[in-house]
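Below is one structure, written out as C-alpha cells; comments come after it.
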Amino acid sequence: MSHHIVELKGLSFHYPDGTPALDSIDLTIHHGESVGLVGANGAGKSTMLQHLCGVHVPQTGRVRVGDVPVVPSTLNEVRRTVGLVFQDPDDQLFMPTVAEDVAFGPLNIGLPPEEAALRVDQALAQVDALHLKHRPPHRLSGGEKRAVAIATVLACSPDILVMDEPSANLDPRSRRLLIELLRGFKHTKILATHDLDMVLDLCERTVVLHQGRVMADGPTAAIFADHDLLAACALEPPLRMQGCPLCGRCN
Amino acid sequence: MGLDTALHEIRRLDDLAAQDTALHRLDARAKVLVTLAYLVSMLSLGRYEVSRLLPFAAFPLLLAVQGGVPLGLLLRRAALALPFVVFVGIFNPLIDRNVHLTLGPLVITGGMLSFTSIVLRSLLAVTTGLVLVAVTGFDQVCRALGRLGMPTALLVQLQFLYRYLFVLADEALRMLHARVQRCAKNSRPSLHEYRALLGNLLLRTLDRAGRVHQAMLCRGFDGTMPDLRPTSRFGLAEWRFCAIWGLFLLAVRILNIPQHLGDLPLYLAAKAGGLFPGVLK
C-alpha cells in the first residue's frame with residue numbers, strides 16, 4: 001500500500017534564528033512499521049515529526065506521505081493521513097470538554113455531528129477513557145490527558161500515528177498501559193522518545209538522530225546493542241539491556 | 001488567599017455547574033440575557049443612588065439559593081475583586097466634597113456616596129457573574145454568547161482564557177515554588193522578581209499559544225470552532241424565567257423601592273393619626 005509510505009529526501013531545516021535542526025535527512029518508512037526515533041535533546045526528533053504533518057514545510061529537500069508531497073497546498077490531505085500526538089497533552093486539549101475535543105478533528109474534516117459523536121465514543125473506548133467524556137480537560141490526571149490526547153488523533157482515523165515523547169511525565173502504571181495500548185494499534189507508528197525501553201517494547205526499527213543527522217537506522221535490538229554508537233550520540237542502552245545493577249550480569 | 005486555593009475555588013464552580021437543578025437545566029441563553037439586563041439596569045443607576053442598589057442584591061442571592069451555590073464561596077470570590085474596586089474609587093471622597101446629607105456630626109459627601117456606589121455595584125456585578133457561571137458552566141455561557149451573536153474570535157479567546165487559566169496558574173505556581181526553594185527566608189517576591197516571573201510566564205504563554213495553534217491546525221482547524229453538542233430549546237420555562245426577572249428588574253429600576261419602604265411607616269403613622277396622607281412626599 002504505497003499510499004502509506006513516508007519518505008524524506010534530503011530534508012534540511014533551520015529555525016528562523018539560524019539554528020540548524022535537520023541536515024540532509026533521508027528516510028523511508030513503510031506501511032505498518034513501528035519506528036522509534038531516538039536521540040539526545042536537540043537532535044531534531046520533534047522537528048522531524050513536525051515535518052510529517054506539515055507543522056513545518058521543508059526548506060530544502062522534500063517530504064512525501066504516500067503519493068502526496070508535504071507542501072502548503074496539500075496540508076489538509078496530509079493531516080488527514082498523519083495524526084500527531086504532541087508532547088504536552090495540554091497543548092492538544094483545548095476545548096471545554098473531552099468529548100468536544102475529540103470531536104474537533106472529525107467535525108473539521110466535515111463529518112456530520114452524529115458521525116462525529118460516534119467517532120468520539122469509539123476513540124475514547126479505544127483508549128479506555130469513555131468515562132471521561134464529559135469532563136473538562138483541566139480536571140484530568142496526566143495519564144488521562146495522554147489517553148484523551150491519543151483519542152483526539154484516533155478519532156480522525158489517521159493511517160499514520162506520530163507521537164512526540166508519548167511516555168513523558170507518566171507514572172509507571174500509566175506508561176505500561178500506554179505501551180499495551182499502542183501495541184494494539186495496527187497503524188504505522190513513529191515514536192520520538194528518550195524512553196528506549198518503550199522503543200524496545202514497541203518498535204522493530206529504530207532511527208538514531210544526532211545533531212540533525214541520521215546516524216543509524218536498523219533493527220532496534222542491533223542498534224541498542226551498539227554501545228559505541230549510543231555513546232557517540234549521547235544515549236545509553238535501555239535499562240533492560242544494561243544488566244543487573246547488583247550482579248552486573250545481563251538479564 | 002493563595003493561587004492554589006483560588007484555583008481550587010474556580011474548579012468548585014465547575015462542580016457546582018454540573019448539578020442538576022431546574023435552574024441548571026434552563027437554556028443558558030435565558031440566564032445570560034437576564035444577567036445582561038441586570039447589569040445594564042444596575043450599572044445605569046445614578047452614581048449617588050446607593051440605597052437603590054440594595055434591591056438588586058435579590059437577583060444573585062435568589063439564584064444562588066435556587067441553584068445550590070454556597071453563599072460563603074461567592075462572598076470569598078467576590079471579595080477578591082475588592083482591592084481593585086477600592087483602588088478605582090478611593091479618590092472620589094477627596095475629589096467630590098459636596099455635602100449631600102448631614103446626620104448630626106456626620107457629614108456625607110458626594111464622593112463618599114459615589115465611592116460606596118462603586119464598591120456595591122462591583123460586588124453585585126462580580127457576584128452575579130459568579131452565580132451565572134456556577135449555575136450554567138463557563139463553556140455553556142460562552143456557547144450562549146455565541147448563539148446570541150458574539151463574534152467567534154472573541155468567543156474563542158474567552159474559551160481559551162478559561163481553559164488555559166489553569167495551565168498558566170499551574171506554571172506560575174511551579175515558578176513560585178521554585179523561587180521559594182531557593183530563598184534563604186520565606187520572603188515575598190520583590191518587584192524585580194515579580195517582573196522576571198511575569199516575563200517568563202508571558203514567554204512560556206507565547207510558546208504554548210504557538211503549540212496549541214499547531215495542534216489545532218493538525219486537526220483541520222480553519223478558523224471556525226465546530227460544535228458537537230445539540231442545541232437546546234428556548235421553551236416555556238426560559239420565557240417564564242425571563243419574564244419574571246424582567247419584571248423584577250423593571251420594578252427595581254423604575255421605582256425607588258427603599259424610599260417607598262422608608263416612607264411606609266410614616267404613611268401608616270400619618271394615616272393612623274388621621275392626617276392627610278398627601279403631605280407625605
Next item on the list: State whether the residues of the range A:82-95 include one that is assigned to a strand (DSSP E or B), farther than 14 Å from residue A:12 by Cα, out of contact with any Gly (no Cβ under 9 Å at 6 or more places or on another chain) and more than 9 Å from every other protein chain (Cβ to nearest Cβ).
Entry: yes
Exception for residue A:152 within (1) hydroxyl-bearing (Ser, Thr, Tyr); (2) under 23 Å from residue A:50 (Cβ atoms); (3) out of contact with any Phe, Trp or Tyr (no Cβ under 8 Å at 6 or more places or on another chain) falls at (3)
Flagged in the range A:15-32 as part of a strand (DSSP E or B), of a type outside the set (S, T, N, Q) and modelled with pLDDT of 90 or more, in numbering order, are A:21, A:22, A:23, A:25, A:26, A:27, A:29
If you go through the range B:262-281 one residue at a time, do you hit one that is aliphatic (A, V, I, L, M), within 27 Å of residue B:148 (Cβ to Cβ), in contact with an Asp or Glu (Cβ under 9 Å, 6 or more places away or on another chain) and not assigned by TED's automatic domain parsing to the domain that holds residue B:37? no
| For the range A:107-123, does any single residue satisfy the condition of being modelled with pLDDT under 90, assigned to a helix (DSSP H, G or I) and closer than 27 Å to residue A:180 by Cβ? | no
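Got a sec? Which of A:229, A:246 is without any contact (Cβ under 8 Å) to a residue 24 or more places away in the chain and surrounded by 15 or more Cβ atoms within 10 Å (Cβ to Cβ)?
A:229
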Condition first: part of a helix (DSSP H, G or I), of a type outside the set (Lys, Arg), buried (at least 17 other Cβ atoms within 10 Å of the Cβ) and within 14 Å of chain A (Cβ to nearest Cβ). Can you find one or more residues in the range B:98-117 that meet it?
no
Of all helices (runs of 4 or more DSSP H) fully inside the range B:1-78, the set with 3 or more residues that are under 30 Å from residue B:254 (Cβ atoms) is B:28-43, B:58-66
Taking the range A:1-54 and keeping residues of a type in the set (Val, Ile, Thr) and either touching a Ser or Thr at 6+ places or on another chain (Cβ under 8 Å) or within 19 Å of residue A:203 (Cα to Cα) (or both) leaves A:5, A:6, A:25, A:28, A:29, A:35, A:38
Quick count over the range B:79-97, residues being crowded, with 16+ Cβ neighbours inside 10 Å and modelled with pLDDT of 85 or more, is 5
Using the structure shown, decide if residue B:124 is in contact with a Phe, Trp or Tyr (Cβ under 8 Å, 6 or more places away or on another chain), surrounded by 19 or more Cβ atoms within 10 Å (Cβ to Cβ), aliphatic (A, V, I, L, M) and in a helix (DSSP H, G or I). yes
Screening B:251, B:270, B:237, B:243 for residues that are more than 14 Å from chain A (Cβ to nearest Cβ) and surrounded by 16 or more Cβ atoms within 10 Å (Cβ to Cβ) leaves only B:270
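Filter the range B:27-56 for residues that are of a type in the set (Gly, Ala, Ser) and touching a Leu at 6+ places or on another chain (Cβ under 6 Å) and give the result.
If the condition is that a residue be of a type in the set (Gly, Ala, Ser) and touching a Leu at 6+ places or on another chain (Cβ under 6 Å), then B:37, B:41 are the ones that fit.
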Looking across the range B:178-213 at residues that are within 30 Å of residue A:120 (Cβ to Cβ) and not β-branched (Val, Ile, Thr), the single one that is nearest to the other protein chains (Cβ to nearest Cβ) is B:211
| Do we find a residue being of a type in the set (S, T, N, Q) and more than 19 Å from residue B:218 (Cβ to Cβ) anywhere in the range A:66-87? | no
Matching residues in the range B:136-174 (within 12 Å of chain A (Cβ to nearest Cβ), of a type in the set (A, V, I, L, M) and surrounded by 14 or more Cβ atoms within 10 Å (Cβ to Cβ)) number 8
The residue from A:98, A:102, A:65 that alone is more than 10 Å from chain B (Cβ to nearest Cβ), buried (at least 22 other Cβ atoms within 10 Å of the Cβ), touching a helix residue (DSSP H, G or I) at 6+ places or on another chain (Cβ under 7 Å) and closer than 13 Å to residue A:155 by Cα is A:98
Quick count over the range A:211-247, residues being among the hydrophobic types (A, V, I, L, M, F, W, C), touching a Ser or Thr at 6+ places or on another chain (Cβ under 8 Å) and within 24 Å of residue A:19 (Cα to Cα), is 1
Considering the range B:214-232, residues that are facing chain A (nearest Cβ under 9 Å) and under 30 Å from the mean Cα position of the chain (by Cα), and then whichever is farthest from residue A:153 (Cα to Cα), we arrive at B:230
Scanning the range A:105-115 for residues that are hydrophobic (A, V, I, L, M, F, W, C), without any contact (Cβ under 8 Å) to a residue 24 or more places away in the chain and facing chain B (nearest Cβ under 7 Å) gives A:107
Within the range B:5-40, the count of residues that are under 17 Å from residue B:166 (Cα atoms) and β-branched (Val, Ile, Thr) comes to 2
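The values are calculated or read from the model by the stated rules, or taken from the named source; none is laboratory data. Being a predicted model, the structure only gives us computed values, none of them experimental. All Cβ positions, glycine included, derive from the backbone under ideal geometry; neighbour counts span all protein chains shown.
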